[in-house]
Amino acid sequence: MAFGRGATDDGFRRRVYTRRVPSERPPRSTAATSEATAEIRFRPLEDGDLRRMHGWLSDPAVVEWWEGRDVSWPAVVQRYGSGRTDAIEHWIALHEGEPIGWLQCYAASSEAQGEAYHWRAHLDLAETGAIDYLVAREAKRGRGLGSSMLRAFVRDVAFPRHPEWRFVAAGPFEANVPSCRALEKAGFERRATLDDEAGPCVLMVASRADDPNAVQS
Ligand SMILES: CC(C)(COP(=O)(O)OP(=O)(O)OC[C@H]1O[C@@H](n2cnc3c(N)ncnc32)[C@H](O)[C@@H]1OP(=O)(O)O)[C@@H](O)C(=O)NCCC(=O)NCCS
């Protein structure tokens, strides 16, 4: 099944179709150990973050995996600024008070034809939240921050704010090894592999831990 991943016609969340081989596994350091157990907090993205977001989204290592189509300043203001009209939540992740990443989350059922729509054979979309995310600086990646961020976000933001969600899901490209691995480390389980026009994607799912009726894969 081939499908596009954009939630809207303008390519939002659509990934670029150029691909590079993932870089070599990053070296470990003692700093990585402490970052893996880092306490991550979250606050809503504000207009004062837009310059930062513009820089983060322009990082080729980020462009590679999704945005890519238009990360111009006007597009960033339109998609992430306070004037936006969609219901997508945008969050800034903080580590020791410093912004280290961004996440967005939205109801999977809100997509008429985007990425999450294609999860419907595997999940009840009405009970599912979808996320996208990044760790901001290349030097900070591969050190445990991403998995800590994802775990904390699901636990502290996504499930508490959305009691209707039994699942939180993400659909990284299978070739995005760091993303798939970070999700696994954060407690997500592989639910399915789906064909995208740009390559296979993995449906990764976190279940609400305290819901005895949660369906496990
Ligand atoms: C995806 C992302 C958020 C993950 O955050 P992170 O801080 O790098 O993640 P972590 O360090 O917690 O975990 C990454 C894991 O992948 C491993 N990894 C990284 N590159 C790898 C590679 N090329 N091959 C194999 N494993 C690799 C890391 O070693 C680590 O696993 P380990 O702890 O078992 O050794 C971050 O890399 C990022 O922002 N990437 C760019 C944007 C992006 O791809 N966003 C997601 C789109 S779906």
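The values are calculated or read from the model by the stated rules, or taken from the named source; none is laboratory data. The structure presented is a predicted model; accordingly, all values stated were derived computationally and were not measured. No Cβ is skipped: glycine too gets one built from the backbone with ideal geometry, and neighbour counts run over all protein chains shown.
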Next on the checklist: Within the range 51-65, does at least one residue satisfy the condition of being of a type in the set (D, E, K, R) and at pLDDT 95 or above?
Outcome noted: yes
Item to check | Considering residues of the range 45-93 that are part of a helix (DSSP H, G or I) and polar (S, T, N, Q) only, the residue nearest to the ligand (Cβ to nearest atom) | outcome: 58
Next on the checklist: Please go through (1) surrounded by fewer than 21 Cβ atoms within 10 Å (Cβ to Cβ); (2) within 16 Å of residue 130 (Cβ to Cβ); (3) not hydrophobic (A, V, I, L, M, F, W, C) for residue 156 and return the number of the only condition it doesn't satisfy.
Outcome noted: (2)
Checklist entry - With respect to the numbered conditions (1) crowded, with 18+ Cβ neighbours inside 10 Å; (2) at pLDDT 95 or above; (3) under 20 Å from residue 64 (Cα atoms); (4) not β-branched (Val, Ile, Thr), which one is the sole condition not fulfilled by residue 108? => result (3)
Checklist entry - Are there any pairs, at least 6 apart or on different chains, whose C-beta atoms fall under 7 Å, with the first in the range 40-52 and under 10 Å from residue 81 (Cβ atoms) and the second of a type in the set (S, T, N, Q), and if so, which? => result 47/82
Checklist entry - residue 73 fails exactly one of the following numbered conditions: (1) surrounded by fewer than 16 Cβ atoms within 10 Å (Cβ to Cβ); (2) of a type in the set (Phe, Trp, Tyr); (3) at pLDDT below 90. What is the number of that condition? => result (3)
